Amino acid sequence: MRTKALLVLMALLLLVGMVSAQDTDIVTEHSTDYLNDETLAVQEGEEVDTSAYAKEGPYTIGFINWSTANSWTVQIDEEIKHEATLYPEIEELITVSSDGDVNKQITQIEDMISLGVDALLVIPVATEPIIPALELAKEQGIPVVVFASAPPGEDTQVTTLWADQVLFGRLQGDFLMEELGCAGNIIVLNGLAGIATSDLRRQGLQEAIEACPDGGAGVTVLAEEDALWAYDQGKLAVERMLAAFPEIDGVWSQGGAMTQGAIDAFEAAGRPLVPMTGEDNNGFMLAWQERAADGFEAIAASEPTWQSRVALQAALRILQGIPVNSFYRLQVPTITSETLEQYVRPEYSDAYWTNSLLPKEVADEIYMEASS
């Protein structure tokens, strides 16, 4: 009887130990739980059993950024690097850039597999071409987290975090249609045709136009160009459009730097500013703030730079064997004239993206403008 009682006691102690281990989450222990904050990320898809990926730290995490050629992707890097410093369980965070080259990204995925990373985070350059490389990672027991992109395949990644890009474009489009009363001539600045983010945002604009009482018959899209979300490309595109069209009533731009370029092009041409849409980068928002008193109307949607730290939290949960959802839909906050002052940072450079979770001391070090 004593032996039986001892065995029961040992089993109970083991069960308690297992429950305690499962209840201990290094994300909530060391950071703020952004992954389960529905004001940031809404859980969708199926719950994924991650027990097969559970392992003890220390961990080596790989992150492949699709590019670091613009300030948004650079801040994505800064966000994840800061988040990684919060966890003593992370021995190394390896970050690389694919420079917009999908073949380079495939090689980088294979390199990360060879290095034996414990988890891999990827912003795809293109989704379908990288599927075989991601399948290889899965075969090697490396969990993959995809973010800032549509999921490459059905089961090549454990989870995906992505903002609703159609909603992004629709929010911008609804603003512009309201400003114009669903009548007038507009020009359109896209990112890059064929890239899901750009195409879906453009779809959102089209939905906003078609939602007008007349189905959009009163709206004319004079011209549209791919301007690569860049200031210089946006400015050049709008200069060409201004030369071609004497009457432009609104600008729908899916990127803040492009909109900043559009503002400068209008002013250089001596043309009055018209309502414009943009993104939450500080350069555009400073330009907007400086002209707001003169009646300039604008709106900024946000593709959050903090999503990289949320993706890292998902990876850490997977490595602990804690279930995650197969998809997280990131929220798309919009900044209006009423909320502009809460976000714009006059003391920071144009490169800062204002919907950020970087601590002030970190952001100050990176983005504070030198005193004149």
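Please treat every number below as a calculation from the coordinates, not as lab data. What you are looking at is a predicted structure, and each value in this text was computed from that prediction instead of being measured. For neighbour counting, all protein chains shown are included, and Cβ atoms are generated from backbone atoms with ideal geometry for every residue, glycine included.
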FRET efficiency estimate (nearest 0.05) - Cβ-Cβ, Lys55 to Leu192, R0 45 angstrom: 0.70
Cα gyration tensor, segment 62-151 - rounded (a/c under 1.5), prolate or oblate: oblate
message: At 7 Å along Cα-to-Cβ for each site, give me the label-to-label distance between Glu44 and Asn103 in nm.
response: 3.5
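Cα-Cα over 31 Å: which of Lys55/Lys81; Lys138/Lys360; Lys55/Lys360? Mind showing how you got there, number by number?
Working: Lys55/Lys81 22 Å; Lys138/Lys360 38 Å; Lys55/Lys360 34 Å.
In this structure, Lys138/Lys360; Lys55/Lys360 lie more than 31 Å apart at Cα.
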- request: Let me know the shape class of segment 297-367, please: from the alpha-carbon gyration tensor, a ≥ b ≥ c as square roots of the eigenvalues, rounded when a/c is under 1.5, otherwise prolate if a/b is greater than b/c, or oblate.
  value: oblate
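From the gyration tensor of the Cα coordinates in segment 165-301, what semi-axes in whole Å does the equivalent ellipsoid have, largest first, with each one equal to sqrt(5λ)?
Values: eigenvalues 77, 57, 43 Å².
Over the Cα atoms of segment 165-301, the semi-axes work out to 20, 17, 15 Å.
Beta carbons within 10 angstrom, averaged per residue: use that to sort the peptides 352-362, 180-190, highest first. The partial results should precede the final answer.
Numbers: 352-362: 18.3, 180-190: 20.4.
So the peptides 352-362, 180-190, ranked by packing, come out 180-190, 352-362.
Averaged over every viewing direction, what's the projected area of the C-alpha convex hull for segment 98-211? Give it in nm², one decimal, please. Provide the component values of the computation, followed by the final result.
Numbers: hull surface 31.8 nm².
Over every viewing direction, the Cα hull of segment 98-211 projects on average to 7.9 nm².
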query: Say each of Ile94 and Glu128 gets a label point 7 Å from the Cα, pointing the same way as Cα to Cβ; how far apart are those two points in nm?
result: 3.0
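Taking the DSSP beta bridges in the chain as the whole, what percent of them are antiparallel, to the nearest 5?
Values: 10 of 47 bridges.
Approximately 20 percent, going by the DSSP bridge assignments.
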message: What's the ranking of 192-199, 102-109, 284-291, 243-250 by average number of surrounding C-beta atoms within 10 Å, highest first?
response: 284-291, 102-109, 192-199, 243-250
message: Nearest 10 degrees is fine. How inclined is helix 256-268 to the longest principal axis of the chain, computing both from alpha carbons?
response: 10
- prompt: Sorting Phe327, Phe147, Phe175 on the 10 Å Cβ count, fewest up front, what's the list?
  reply: Phe327, Phe175, Phe147
field: Whole-percent pair-distance distribution, where bins are 20 Å wide, for the alpha carbons of the chain
entry: 27, 51, 18, 3, 1
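Viscosity 1.002 mPa s, temperature 20 °C: Stokes-Einstein D of segment 257-352 from its Kirkwood Cα radius, in µm² per second?
On the way: Rh = 15.4 Å.
Calculated translational D: 139 µm²/s.
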statement: Computed over the chain: longest principal axis from alpha-carbon atoms vs helix 2-23 long axis, angle to nearest 10 degrees, is 10
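Within 10 Å, count the other beta carbons around each residue, average over each peptide in 318-326, 52-60, and list them highest first. Before the final figure, lay out each step's value.
On the way: 318-326: 19.7, 52-60: 14.1.
Per-residue Cβ counts within 10 Å, averaged per peptide and sorted highest first, yield 318-326, 52-60.
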